[in-house]
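For reference, the structure discussed in these notes is given below.
Bear in mind that the values in this text are calculations on the coordinates, not laboratory data. Everything numeric here is computed off the predicted structure, so don't read it as measured data. With ideal geometry, Cβ positions are generated from the backbone for all residues, glycine too; neighbour counts draw on all protein chains shown.
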Amino acid sequence: MKISGTGAMVVGGASGLGAATARALAGAGARVTLLDRDVDRGHAVAAEIGGTFVAVDVRQPDTITTALTTAGPPRIVINCAGIGGGGIRTAGKRGPHPADLFRDLLDVHVTGTFHVCRLAAAAMAILTPLDDGARGIIVNTSSVVAQDGPVGMVAYAAAKGAIEAMTLPMARDLGPAGIRVCTVVPGNFETPMASTLPDELRQGLVAMTPFPKRFGHPAEYAALVCHLIENPMLNGCIIRIDGGIRMSVVG
């Protein structure tokens with residue numbers, strides 16, 4: 001699918017991986033709409049790239065519907081919205097893992113991603129197919145935490161793992177409509193969430209990474225997303241972008 005001239009929606013586009021993806025898509029000629037809870041940053045990024053911003057909370061489906069109505073059905077949807085939540089074991093000195101934190105992570109990452117996917121896919125499905133029969137692509141975002149299982153990340157791993165588990169059945173559900181679904185699995189990237197990590201932990205994560213010995217740049221995530229969009233044979237796939245890291249016990 002060509003990016004130039006195509007409508008794209010980036011959820012969580014006000015910062016981090018989402019903002020980098022919005023910039024990359026706009027630079028490639030897409031008509032970009034940013035969805036985020038952060039109104040100030042969202043408007044700022046949209047103004048920078050010549051895009052549109054719509055305030056959305058992915059836990060509230062009505063706000064997603066409003067965004068789709070405002071911007072029109074996109075052919076490209078990128079899900080980057082998320083919240084952090086680590087350093088808490090299933091049970092430990094502080095007692096059992098807080099149930100509300102577990103629920104919040106699932107609400108944003110799993111239910112929120114699913115709301116975007118189901119509503120955007122329904123809007124895509126009525127678009128006129130392109131010459132090859134394609135109508136669109138959805139790219140979701142997981143984390144290596146879901147596969148590597150570091151200590152103290154049970155809730156985050158469960159939430160991101162659910163996103164990975166949705167990938168293939170969703171691709172099969174939507175294939176007849178010409179809609180592809182892929183999931184990107186980032187390792188450690190320079191994002192606002194990563195900036196809160198203690199220096200000792202950051203250094204340990206870099207030491208675990210074969211090469212390059214650094215955190216990833218958000219633009220590198222965005223470059224992979226652009227390739228997924230443009231390569232029609234990538235569908236139902238879960239792709240790590242992590243410098244080769246396989247996390248040992250962390251925490």
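For the pair LYS2/ALA194, report the inter-label distance in nm, with labels modelled 7 Å from Cα in the Cβ direction.
The modelled label-to-label distance comes out at 3.4 nm.
Through the Karplus equation 6.51 cos²θ - 1.76 cosθ + 1.60, θ set to phi - 60°, convert the phi angles of the range 185-193 into ³J(HN,Hα) values in whole Hz; use x for Gly and Pro.
Running phi through 6.51 cos²θ - 1.76 cosθ + 1.60 with θ = phi - 60° gives 10, x, x, 8, 10, 6, 10, x, 5 Hz.
Longest segment of the chain with no trypsin sites (Lys or Arg not before Pro) in a DSSP loop having at most 15 other Cβ atoms within 10 Å?
No qualifying site falls inside 95-212, the longest such stretch.
When the Kirkwood radius is taken over all Cα pairs of the range 118-251, what Stokes-Einstein diffusion coefficient follows at 20 °C and 1.002 mPa s, in µm²/s?
133
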